[in-house]
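What follows is a single structure, written as structure tokens, with notes after it.
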Amino acid sequence: DAGVAADSRPATTVLNATVLADFESRFNHRPAGIWSAPGRVNLIGEHTDYNEGFVFPFAIDRRTVVALGLREDRIIRVASSFAAEAIEISLDELIPENLAGWSAYPLGVAWALGRFGADLGTVPGFEAFIDSDVPIGAGLSSSAAIESAVAVALNDVWGLGLDRSTLAQVGRLAENRAVGAPTGIMDQSASLLGKADGGVFLDCRSLESDVIPLGFDAARLDVLIIDTRVSHAHATGGYASRRASCEAGAAALGVSALRELGLDDLPRAAELLDDETFRRVRHIVTENQRVLDTVQTLREHGPTRIAELLDASHVSMRDDFEISIPELDLAVETARGAGALGARMTGGGFGGAAIALTPRDLVPDVEAAVAAAFAERGFRAPVMFVVHAADGARREQ
Ligand code: GAF
């Protein structure tokens, strides 16, 4: 597979070995085990999760790995390959206000488990070492991968018996309260519920989910990631303001969440709302419909036919929700011009990556065309690689 061969990321087995060695040299004993969780890419359904709508992401073959062992006291120590210093905190001091930086992700999960049944007054402390090959800041949910890996690890060693859907809520609570990003439930759900070659069709209101076979391999299609390397920050700015617009639109239209609106409601919304709020609402309503149409099309006609829905999703994010940037628009347009069947920005927006559903043989052509177009416009060179749908969080050893 040309796309994968060009990609020099270490396999999870390599990550497992290095994380084990790093844990042992940092903490001087063997961990209780090693757990991992993948990043995700969203195929379609953007900003619909916190509107209680539908999403259709898949877990990718890039993973975060955590080696973790229990202590006999109340101390937690976390270390990682992305920071020199280990962070230490007592379980007695574990509140969101005390957490900051990268360690807010793993420590936030430990705190959030306390809200979902763990008795933080009696559980033992632990040590953890984290490593990852999920690119950071590319919109591939490196943060949800950390949260999900730590959530499954602590669920095991603390003997909590929580199911995957609950662990996704734990990760989301950590992200919202400890990290301070007002995100929805999609990323953690994809990381925990994903399956090889399957997309996670999730109803973000009921939290019911279904894994739908993607069939990309049989159709000789690849999902090419085009990472613009323009970094995005969910905790501030545009993401929160889009969320606020959706809430204002729902309130003005008398519904508890935009999920309750269908295409038929748009004429009334156009009359009642200002132009900008209306366009925000229209994106959510049409995007929810596109998720449903994508799943149905996939089931009835296979993956080639979903391409036009991906294109329509990008136009809606560019023009109505206004979360795209020139680099993402260029990536999408160039990929389509060079043979991708459909393309869209993916994730929260304002930076990050686009995806291009591309016939496998044309992946090199699309990569070359996008690289040339970025150079011509004077944009920073993008990073491109193919991803495959992979299994969700699991115990490795
Ligand atoms: C980010 C958030 F974390 C998700 O919850 C989701 O809202 C997404 O942006 C946009 O679809 O990844």
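We did not get these values from a lab; they are worked out from the coordinates using the rules stated. As the structure is a prediction and not an experimental result, all values here were calculated from the model. As a convention, Cβ positions derive from the backbone with ideal geometry for all residues, glycine included, and neighbour counts pool all protein chains shown.
Here is how the numbers come out for the structure above:
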| read-out | value |
| --- | --- |
| Alpha-carbon centroids, the range 308-352 and the range 107-172: separation in whole Å | 32 |
| Chain lengthening between Glu308 and Ala270 when straightened (0.36 nm per residue, less Cα-Cα) | 11.1 nm |
| Gyration tensor over alpha-carbon atoms, the chain, equivalent ellipsoid semi-axes in Å | 34, 26, 18 |
| All-pairs Cα distance distribution in the range 147-250, expressed in whole percent, bin size 5 Å | 2, 10, 15, 17, 19, 17, 12, 6, 1 |
| Once the Cα gyration tensor of the range 220-273 is diagonalised, semi-axes √(5λ) in Å | 31, 19, 9 |
| For Leu43, distant residues with modelled amide H under 5 Å away | Phe56, Phe58 |
| Size-normalised alpha-carbon gyration radius of the range 52-96, reference 2.2 N^0.38 Å | 1.73 |
| Where labels lie 7 Å past Cα in the beta-carbon direction, separation of Thr13 and Leu292 in nm | 4.6 |
| Selection of trypsin sites (Lys or Arg not before Pro), the range 295-397, meeting DSSP coil and at most 13 other Cβ within 10 Å | Arg380 |
| Neighbour-count order for Val19, Val315, Val157, fewest beta carbons within 10 angstrom listed first | Val315, Val157, Val19 |
| Residue-by-residue Karplus 3J(HN,Hα) for the range 47-61, coefficients 6.51, -1.76, 1.60, Hz, glycine and proline x | 6, 8, 5, 6, 9, 6, x, 10, 9, 9, x, 9, 6, 10, 7 |
| Burial ordering of Tyr50, Tyr105, fewest other beta-carbon atoms within 10 Å first | Tyr50, Tyr105 |
